[in-house]
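Throughout, read-outs are computed from the coordinates displayed, never taken from laboratory work. Keep in mind the model is a prediction, meaning the values are calculated, not measured. Every residue, glycine among them, receives a Cβ derived from its backbone with ideal geometry; neighbour counts consider all protein chains shown.
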Amino acid sequence: MSIEELLIDFSDGITAIDTQFLRRRMDASHLIVHGGRGAFVDTGTNSSVPTLLKAIEARGLKREAIDYVLLTHVHLDHAGGAGLLMQSLPNARAVIHPRGARHMIDPAKLIAGAMQVYGEQAFHRLYGTLVPIAEERIVIAANGAEVMLGGDRRLELIHTPGHALHHYAIVDHAARAIFSGDNFGISYREFDTSHGEFIFPTTSPVQFDPEAMHATIDRLMSYQPKAIFLTHYSRVQELARLARDLHAGVDAYVEMARRNHGKPDRGALLRKDMATWFDAALDRHGYTGNAITRRELLEGDIDVNCQGLEVWLDRKAGAGRE
Ligand SMILES: [Zn+2]
């Protein structure tokens, strides 16, 4: 496959790169080029690194011109390739949330966590061997910190809990855009219809927090962005409606989690309810894909969402007993 087939160019020097994690158009890294310098937003996994390096060249930069690897959060589908990538980028610093940095210096806990979610075999197949990032190459992203790209492109980093506590979003003031990581939901381009973009929240284990997610959606919208770039998958623009859909989605997840809490087959019931919810939402959205396609596109998200909701239920139950 030629590199150009994996790239989508937007305005303001922003390019989406298909990391090809699991399937096409599932997981994006973004390259921002300004004033002859470059920054990556998220990296995909080790397998994505050759594609990212080709993308640098395809957009006319040398590897030496990459100043930043901005990691919105340290879940491995977005940060797993960062250490390996940094080995080829002599001038880049990795910018990481204070709660995520130590895990990129010593990935043992990330490996253990991901093995629990995906299983040991799948972990090795998906993520390979994680390369740590040397401490001196890491910049800790305080809440509200700024990074300057190419002299005058101001990128503001804001802490955005909800999906994960080690999550920040990047406000790109020049482009009036935000790179939201996983905090403004997931919107696969396969679900675009005449009704527009389809979006849903992602509640991966182990730090989903519905109140924080609601607040983060509002905080992102308060910047009045023209576009939000998601890791899954890239640019969305119908932001007011999408924000409403996300708020409703979080409430629906919470409701179905509560409804099934305490039942002996909670996990299976929750999965069934979520699959039903997705089907109804997609039907309303005018999506005509059949059950097989829907399952192929959503099976993994339904599973991970339900795992995250169950962890949240158990955490709440534990806190209630204290
Ligand atoms: Zn993700």
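Looking at the stretch 188-301, what % of the alpha carbon pairs are farther apart than 21 Å? Percentage above 21 Å: 41. Simple spin-label estimate for ALA134 and ASN290 gives 5.5 nm between the two label positions (7 Å along the Cα-to-Cβ direction from each Cα). Loop-located trypsin sites (Lys or Arg not before Pro) in the stretch 1-102 (DSSP state other than H, G, I, E, B) with a sparse environment of at most 15 neighbouring Cβ atoms within 10 Å: ARG23, ARG24, LYS62.
Just flag the trypsin sites (Lys or Arg not before Pro) in the stretch 121-214 sitting in loop per DSSP whose Cβ has no more than 13 other Cβ atoms within 10 Å.
ARG176
Taking a point 7 Å from the Cα of LEU22 along the Cα-to-Cβ direction, the residues of the stretch 158-197 with backbone N closer than 17 Å to it are 163-164, 181-192. By DSSP, the beta bridges lying fully in the stretch 152-234 are antiparallel in about 75 percent of cases.
The length gained on full extension between GLU146 and LEU53, counted as 0.36 nm times the residue separation minus their Cα-Cα distance, comes to 31.0 nm.
Expressed as a fraction of 2.2 N^0.38 Å, the C-alpha radius of gyration for the chain is 0.96. Size descriptors for the stretch 164-231: radius of gyration and Dmax over Cα atoms are 12.4, 36 Å. Taking ASN183, ASN290, ASN143 as the candidate residues, the one with maximal mean-square fluctuation in a Gaussian network model of the chain, Cα springs under 10 Å, is ASN290. Among the listed pairs LYS226/LYS272; LYS109/LYS316; LYS272/LYS316, those with a Cα-Cα distance over 26 Å are LYS226/LYS272. Of the residues GLY81, ALA174, HIS232, the one whose Cα sits farthest toward the positive end of the charge dipole of the chain, with +1 on the Cβ of Lys and Arg and -1 on the Cβ of Asp and Glu, is GLY81. Build a GNM of the chain with springs between Cα atoms under 10 Å apart, and of ALA175, ALA291, ALA145 the one that fluctuates most is ALA291. With just the Cα atoms defining each centre, how far is the stretch 119-164 from the stretch 25-97? Give it in Å. Value for the Cα centre distance between the two parts: 10 Å. Using only side-chain charges placed at the Cβ, +1 for Lys and Arg and -1 for Asp and Glu, the dipole size of the chain relative to its Cα centre rounds to 180 debye. Could you give the angle, 0 to 90 degrees to the nearest 10, between helix 239-260's Cα long axis and the longest principal axis of the Cα atoms of the chain? Helix 239-260 and the main axis of the chain meet at about 40 degrees.
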